[in-house]
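A.B. asks: What follows is a single structure, and I will ask about it in a moment.
The values are calculated or read from the model by the stated rules, or taken from the named source; none is laboratory data. All values reported here derive from a predicted model rather than from experimental measurement. All Cβ positions, even for glycine, are placed from backbone atoms using ideal geometry, and neighbour counts span all protein chains on display.
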Amino acid sequence: MSIAVLGSTNMDLVVGVRTAPLRGETVHGHDFRTIPGGKGANQATAAARAGGAVTMVGAVGDDEFGRRLRAGLAADGVDVTGLRTLPGPSGTAHIVVDAEGGNSIVVVPGANGGVTGLAEGDEERIARCDALLLQLELPLEGVLAGAVAAREHGVRTVLTPAPARPLPAELLAVTDLLVPNEHEAAALTGLSDPRAAGEALLKEVPEVVITLGEAGSYRVARDAEPVRVPALPVRAVDTTAAGDTFVGALSVAVSEGRPVPEAMAWAAAASALAVQRPGASSSMPTRAEIDALADGR
């Protein structure tokens, strides 16, 4: 259950509105919160709360946000010795959440932009783990360096291709599991049907799990039959961290040796809990909460 995460840490600046503004429009918000986030830190938090032993690799700035981000991860039991501090501001994400739980996000990289490779000790941190979780909020050369190191040490690589962008062949060649949402899968393949997109992606990576929001998730692999797992019916309040919660919980379940359909269902329960609460890291459930929902308690 040992998981390394090479990824972003951001302070989320979250505004709640009834309806998101159109271009050139001003609307009234009804609340404002600062919540630790970033896709990397979110996945680290989700995995730690789901019961994994998690190491975070990345960077924060030498500002108050950086101190809060580091302290928040540590409070959840994440090992932050690989979270370096760089001069300047930490990353921020500016998030508008509407009354139906939908969101739009602008990310300012800050210190995350300085992670262009592995720092001293990072390769050893990755090598000690069972899996490495990656996303695309860091410079691509930093993501690739982590994936290459993981492959060299026999560590399973799990890539969330978000924000969506073209993926170089050398990164796909060292990716074991690709976890896009349906929009990212369509952007990568040009195919809107998740099944067709999954089959296309199998030409590049050995396993793909596509998250489908309210429709659940869909898994294809070169050595297994396709699997479709439904989502749990809930009323979403904020979907900001749904995907990261799913990936963190899925990685823990797979690392424990659970069958993939069972792992996907358990991760779906984690996401269902997260979307019923506001915020990113603040919404993520504990292992006991996930077990209770997954077991129907």
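A.B. asks: Select from the range 7-32 the residues that are among the β-branched types (Val, Ile, Thr) and either outside any loop (DSSP other than H, G, I, E, B) or modelled with pLDDT of 95 or more (or both) and write down the one among them that is nearest to Leu134 (Cα to Cα).
C.D. replies: Checked the range 7-32; the qualifying residue nearest to Leu134 (Cα to Cα) is Thr9.
A.B. asks: In the range 68-109, which residue that is over 17 Å from the mean Cα position of the chain (by Cα) and polar (S, T, N, Q) is surrounded by the fewest Cβ atoms within 10 Å (Cβ to Cβ)?
C.D. replies: Among them, the one singled out is Thr81.
A.B. asks: Is there a residue in the range 272-287 that is part of a helix (DSSP H, G or I) and within 25 Å of Arg195 (Cα to Cα)?
C.D. replies: Checking the range 272-287: at least one residue is part of a helix (DSSP H, G or I) and within 25 Å of Arg195 (Cα to Cα).
A.B. asks: Also, quick follow-up: Please go through (1) at pLDDT 95 or above; (2) within 29 Å of Ala186 (Cα to Cα); (3) not β-branched (Val, Ile, Thr) for Leu118 and return the number of the only condition it doesn't satisfy.
C.D. replies: Among (1) at pLDDT 95 or above; (2) within 29 Å of Ala186 (Cα to Cα); (3) not β-branched (Val, Ile, Thr), Leu118 violates only (2).
A.B. asks: While we're on this one: Output the residues belonging to the range 261-295 that are free of Cβ contacts under 8 Å to residues at least 60 places away in the same chain and surrounded by fewer than 18 Cβ atoms within 10 Å (Cβ to Cβ).
C.D. replies: Selection gives Pro261, Glu262, Gln276, Arg277, Ala288, Glu289, Asp291, Ala292, Asp295.
A.B. asks: Sticking with this structure for a sec: Every residue in the range 89-131 that is of a type in the set (Gly, Ala, Ser) and in a helix (DSSP H, G or I), please.
C.D. replies: Gly110, Ala111, Gly113, Gly114, Ala127
A.B. asks: Would you point out the residue of the range 218-244, among those that are basic (Lys, Arg) and either free of Cβ contacts under 8 Å to residues at least 24 places away in the same chain or in a strand (DSSP E or B) (or both), that is surrounded by the fewest Cβ atoms within 10 Å (Cβ to Cβ)?
C.D. replies: Only one residue tops the list, namely Arg222.
A.B. asks: Checking the condition modelled with pLDDT of 95 or more and among the basic types (Lys, Arg), which residue from Arg235, Arg287, Arg297, Arg277 passes?
C.D. replies: Just a single option satisfies the conditions, and that option is Arg287.
Okay, residues lined up against (1) out of contact with any Gly (no Cβ under 9 Å at 6 or more places or on another chain); (2) of a type in the set (Phe, Trp, Tyr); (3) more than 13 Å from Met56 (Cβ to Cβ):
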residue	(1), (2), (3)
Glu124	yes, no, yes
Leu132	no, no, no
Pro139	no, no, yes
Thr157	no, no, yes
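A.B. asks: In addition: If I go through the range 1-46 residue by residue, how many of them are buried (at least 24 other Cβ atoms within 10 Å of the Cβ) and closer than 12 Å to Val96 by Cβ?
C.D. replies: 2
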